[in-house]
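Chemist: This is the structure I want to talk about, given as structure tokens.
Values quoted throughout were computed directly from the atomic coordinates according to the rules given, and no laboratory measurement underlies them. Values in this document were obtained by computation on a predicted structure and should not be read as measured data.
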Amino acid sequence: MNDDIREAWRDGFYAGRDGRLRSDSPDGTGVVNGLAWHDGWNIAVRAHTLQSWIGSWAAKTFRDDQRSLPIICHLTKEVQELRETAQLMDSDPKRGPSLRAEAGDCLILLCDLAHREGFDLVTAAVEKMAVNERRRWKAPDAEGVCEHVREDADA
């Protein structure tokens, strides 16, 4: 990603059909051709740009032939750090490192995984949310986790 695109991305702009950078939702509704807009930027376009940026950086920085399992193992460690940070912040909000930074680490690894495996992370999430919205959900367990009811189609 070149510096001009990186700055525009950071500042919340998107490229319009004419190729010029824009910062407004074309019709003011927040939805354009089924894509969500927020604060003047297209969420899917920005997420795809982020995924490409991270994936390209990771391919140059780390082993280009790395596949899913090492990334998932790293993600597992980062999720544990995220959990530990949340636990620290629950007991004393001033003690824990930034939850935001730990969540960012997890997102970076998910973007790298999606980029290397050739799928769009936002599309995967949208597809999964369509499934989740149709599911029935159990009451929270002892840790507060709500899992979906296992149906025959889930097997």
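Chemist: Among the lysines, select those whose C-alpha is under 20 Å from the C-alpha of K128, and discard any that sit fewer than 8 residues away in the same chain.
Modeler: Hits, sequence-local ones excluded: K138.
Chemist: Which Rg and Dmax, in Å, describe the Cα atoms of segment 52-155?
Modeler: Radius of gyration, then largest Cα-Cα span, for segment 52-155: 16.7, 46 Å.
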